[in-house]
Amino acid sequence: MDYDRPKRGLEKLKYYCQMCDRQCHDDNGFKCHQMSYTHKRKMEEFLADPSSYIENFSKEFESNFLELIQSKYPNILVLANKVYQDYISDQFHVHLNSTKWPSLDRFIKHLEEVGKCTVFVDKDKGTFLKILNATPESLLEKKVIKKLIEFIKIKLNKLDLYNLIKII
């Protein structure tokens, strides 16, 4: 996240332009912002290749969201909305409405589909999630264990063949 941007207080983000990283206080201010040269130039850049901008915003949102879960809630089952509230409390966050996911639920389903989180739905309390341990060390351990299992299977097969040949 870019912390060199000028600090603005956390306000209700009804009028926010993700492309320009600009927050407006009311409808009139947002309309004036939309008419500005800077906004028009950035929107022309966006219209030239919208999918790359949306993909970049989505990647940044996902990585920051997962980083927050990993740091604040490692190996803990936590309410998805609680994590999201913690995420948006940072005034420099990427807004969900600038990503490819239309809602928090769709984003959480995406995380489950790609295997980054496990999701539990409680009809009364809401959606809970738990980050899967995907650190480089754990991935390496999984690979080593998988190779050991393959090696043991191969050795057992060779041993069975050897014993079979001895019997014949």
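The values are calculated or read from the model by the stated rules, or taken from the named source; none is laboratory data. Only a predicted model underlies this, so the values are computations on that prediction, with no experimental measurement involved. Virtual Cβ from ideal backbone geometry, glycine too; neighbours counted across all protein chains shown.
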Filter segment 54-86 for residues that are under 10 Å from the mean Cα position of the chain (by Cα) and not charged (D, E, K, R); which is surrounded by the fewest Cβ atoms within 10 Å (Cβ to Cβ)?
S63
Surrounded by 14 or more Cβ atoms within 10 Å (Cβ to Cβ), modelled with pLDDT under 85 and not acidic (D, E), is that true of H110?
no
Quick check on this structure: which one of L129, L139 is of a type outside the set (G, A, S), at pLDDT below 75 and closer than 26 Å to E62 by Cβ?
L139
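Going by the structure shown, is S36 in the same structural domain as V121 (by TED's automatic domain parsing), surrounded by 12 or more Cβ atoms within 10 Å (Cβ to Cβ) and of a type in the set (S, T, Y)?
No.
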